Amino acid sequence: MKRLSPFLLILIYLHAANVQAQDSRAGQAPAFEIPAGPLLHAAPDFAQWTTQYSYPDDTKKDGTDAAAAKNVPLPGNLANRPRTLVTTKTRDVIHMETTTVGGAVTDAWQIKGDCWVKYPGKALWTGYTASNPTEIVGKLRATLLLPASGFRDLTWLDKDAYAGRTKSEWGDCYVFLPGGHAANADISKGILDAAPIIAYVDAQTRLPVMVRNPDGMRVFKFVQPPPTSVLQIPDVLVGEIKETNAVQVQRNAAPSREY
């Protein structure tokens, strides 16, 4: 019987080892990869979206909000929570209309960094402007201003919180959980449905579609097609802005009194 050469034996061994390694890899789950680029995009310069809020203590009857007990009105702290928020962004002119659980409507405009809010039951807007030097106005303005991204409380949606990609009722989505993939290797539906803190981001647009925490849930729906021109500010508000700015200029120019 003719013996195989040592060189041929080495080739046969290497081939067998390679086949075995391929078979081993075939039985393994694919390596976890984080998509390149920002996982959450900022709202486009021209966009409109509705944010729908729901809460653990919501009770529904015929599709409307109702107190848990009949004929008992919702306490003010519950009735004043937002139910829907319609945001229309056209560059640095942004309109936000908020309807509360109790049905009250707040009309707000963000114009080149200044905020103007018409509170429920009021005929005029209250201005929170950068030209007003008072500390309390500055703090309120900072609270009211929409973040540069267009979305509040979503700064935690980053690579560290990215847990994977899944098909959901909102489509093909990136999933974000505290601790990310390292703490949440299993992102099956049952696990995700029970997660107390979770966010879904559309995998194609990279815009948010759902965020949930123990306080409640927000669902984002973007209107298509988006607006194509800058919003027209109401004439009444334009007049109030001019009047308020004139008064503020006079106040800022007035000499301080000495005591």
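The values are calculated or read from the model by the stated rules, or taken from the named source; none is laboratory data. Note that the structure is predicted; figures quoted are calculated from it, not measured. Cβ: placed from backbone, ideal geometry, glycine included. Neighbour counts: every protein chain shown.
Summary table
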{"quantity": "The listed residue being of a type in the set (S, T, N, Q) and within 25 Å of T88 (Cα to Cα), out of T155, T134, T166", "calculated": "T155"}
{"quantity": "Output for the stretch 78-87, where each listed residue is surrounded by fewer than 19 Cβ atoms within 10 Å (Cβ to Cβ) and in a strand (DSSP E or B)", "calculated": "P82, T84, V86"}
{"quantity": "Pair list, Cβ < 8 Å and 6+ apart or interchain, from the stretch 126-139 residues that are within 13 Å of I241 (Cα to Cα) to residues that are at pLDDT below 90 and hydrophobic (A, V, I, L, M, F, W, C)", "calculated": "S131/V249"}
{"quantity": "Selection status of T90, under 14 Å from the mean Cα position of the chain (by Cα) and either modelled with pLDDT of 90 or more or farther than 20 Å from V211 by Cα (or both)", "calculated": "no"}
{"quantity": "Every residue from the stretch 156-191 that is of a type in the set (G, A, S), part of a loop (DSSP other than H, G, I, E, B) and over 19 Å from P214 (Cβ atoms)", "calculated": "A185, S188"}
{"quantity": "Count of the stretch 45-70 residues which are closer than 18 Å to V219 by Cβ, among the charged types (D, E, K, R) and either surrounded by 14 or more Cβ atoms within 10 Å (Cβ to Cβ) or modelled with pLDDT of 95 or more (or both)", "calculated": "2"}
{"quantity": "Cβ-Cβ under 8 Å pairs, at least 6 apart or on other chains, the stretch 71-87 side on the phi > 0 side of the Ramachandran plot and at pLDDT 80 or above, far side of a type in the set (F, W, Y) and part of a strand (DSSP E or B)", "calculated": "none"}
{"quantity": "Number of positions in the stretch 166-191 that are in contact (Cβ under 8 Å) with a residue 24 or more places away in the chain and closer than 23 Å to T51 by Cβ", "calculated": "9"}
{"quantity": "So D160, is it more than 25 Å from P227 (Cα to Cα) and modelled with pLDDT of 95 or more", "calculated": "yes"}
{"quantity": "Count of residues meeting criterion [among the hydroxyl-bearing types (S, T, Y) and closer than 24 Å to V93 by Cβ] in the stretch 186-229", "calculated": "3"}
